[in-house]
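The values are calculated or read from the model by the stated rules, or taken from the named source; none is laboratory data. All values derive from a computational prediction rather than experimental measurement. Quick reminder, even Gly has a Cβ in these numbers, built from the backbone with ideal geometry, and neighbours come from all protein chains shown. We work out accessible area using only protein heavy atoms, side chains counted, and drop any ligands, DNA or RNA first. Shrake-Rupley method; radii C 1.70, N 1.55, O 1.52, S 1.80 Å.
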Amino acid sequence: EAGVAQSPRYKIIEKRQSVAFWCNPISGHATLYWYQQILGQGPKLLIQFQNNGVVDDSQLPKDRFSAERLKGVDSTLKIQPAKLEDSAVYLCASSASTSDTQYFGPGTRLTVL
Amino acid sequence: GESVGLHLPTLSVQEGDNSIINCAYSNSASDYFIWYKQESGKGPQFIIDIRSNMDKRQGQRVTVLLNKTVKHLSLQIAATQPGDSAVYFCAESPLNQAGTALIFGKGTTLSVSS
């Protein structure tokens, strides 16, 4: 069974630029999460989807971050404009349902200069 | 001896030794706990989980112990191998929140020397 796919794996941008990340969850997984992992720390939730609806976006900086999962499968996370403190690894995870184990993708490492 | 709930940022062991990684969780309402292993440049990899109605669960070479009284979780790895070298995170899923996202603890870097 294929795991969670993410692209790109690495991205370097300058501050105030825009960037987008893509995630393809495990087939059939209804729940999708985006986490931000700053170097040396554990992942921190940004947003959770159940199918194509948002369950929890309380920790998403909505002035610059946005995410969508229009057809309830793939998801994109966008940052516009980026700040230096956005440098981190952005992890996508999926689970069959809200109470099942979350499986993580390899992440996208973002560097903002 | 080691205090219950003491988090060590690093742990160094010899190949073949048993490893114990400790974690103190924050929310007494959490009912689901997971251990993840994260190797450099990779996403967290599921190791083992436990629900709050249990105090021990065993997997292949790994055992998770849950002490709800002191809000402490531990991961025991038997016969540690060089391939076990990684950062280990515990995570909890509190009931009293909108979603079911995990709250991760501070990681412990396990180094295994042969």
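A few points about this structure:
- Selection from segment A:8-37 of residues that are within 13 Å of the chain's Cα centre (by Cα) and closer than 27 Å to B:Thr109 by Cα: A:Pro8, A:Arg9, A:Tyr33, A:Trp34, A:Tyr35, A:Gln36, A:Gln37
- The set of residues from segment B:32-47 being open to solvent by 40 Å² or more (accessible area, probe 1.4 Å) and assigned to a strand (DSSP E or B) comprises B:Gln45, B:Phe46, B:Ile47.
- Residues (open to solvent by 20 Å² or more (accessible area, probe 1.4 Å), in contact (Cβ under 8 Å) with a residue 12 or more places away in the chain and of a type in the set (S, T, N, Q)) located in segment A:95-111: A:Ser97, A:Thr98, A:Thr111
- Number of the exception - B:Ile21 against (1) farther than 17 Å from B:Ile103 by Cα; (2) β-branched (Val, Ile, Thr); (3) modelled with pLDDT under 95: (3)
- Of all residues in segment B:67-88, those satisfying the criterion of being open to solvent by less than 10 Å² (accessible area, probe 1.4 Å) and under 30 Å from A:Gln50 (Cα atoms) are B:Leu73, B:Tyr88.
- If the condition is being open to solvent by 20 Å² or more (accessible area, probe 1.4 Å) and among the hydrophobic types (A, V, I, L, M, F, W, C), then segment B:89-111 contributes B:Leu95, B:Ala98, B:Ile103, B:Phe104.
- Residues in segment A:55-77 that are within 21 Å of A:Pro106 (Cα to Cα) and in contact with a Phe, Trp or Tyr (Cβ under 7 Å, 6 or more places away or on another chain): A:Ala67, A:Arg69, A:Asp74, A:Ser75, A:Thr76, A:Leu77.
- Any chance B:Ala86 is hydrophobic (A, V, I, L, M, F, W, C), more than 9 Å from chain A (Cβ to nearest Cβ) and in contact with a strand residue (DSSP E or B) (Cβ under 9 Å, 6 or more places away or on another chain): yes
Every residue, every condition in (1) within 11 Å of another protein chain (Cβ to nearest Cβ); (2) acidic (Asp, Glu); (3) part of a loop (DSSP other than H, G, I, E, B), yes or no:
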{"residue": "A:Ala2", "(1), (2), (3)": "no, no, yes"}
{"residue": "A:Phe21", "(1), (2), (3)": "no, no, no"}
{"residue": "A:Tyr33", "(1), (2), (3)": "yes, no, no"}
{"residue": "A:Ser66", "(1), (2), (3)": "no, no, no"}
{"residue": "A:Thr76", "(1), (2), (3)": "no, no, no"}
{"residue": "A:Leu91", "(1), (2), (3)": "yes, no, no"}
{"residue": "A:Ser94", "(1), (2), (3)": "no, no, no"}
{"residue": "A:Ser99", "(1), (2), (3)": "yes, no, yes"}
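- Selected residue (criterion: surrounded by the most Cβ atoms within 10 Å (Cβ to Cβ)) from residues of segment A:78-89 that are within 13 Å of the chain's Cα centre (by Cα) and either within 14 Å of chain B (Cβ to nearest Cβ) or under 25 Å from B:Ala91 (Cα atoms) (or both): A:Val89
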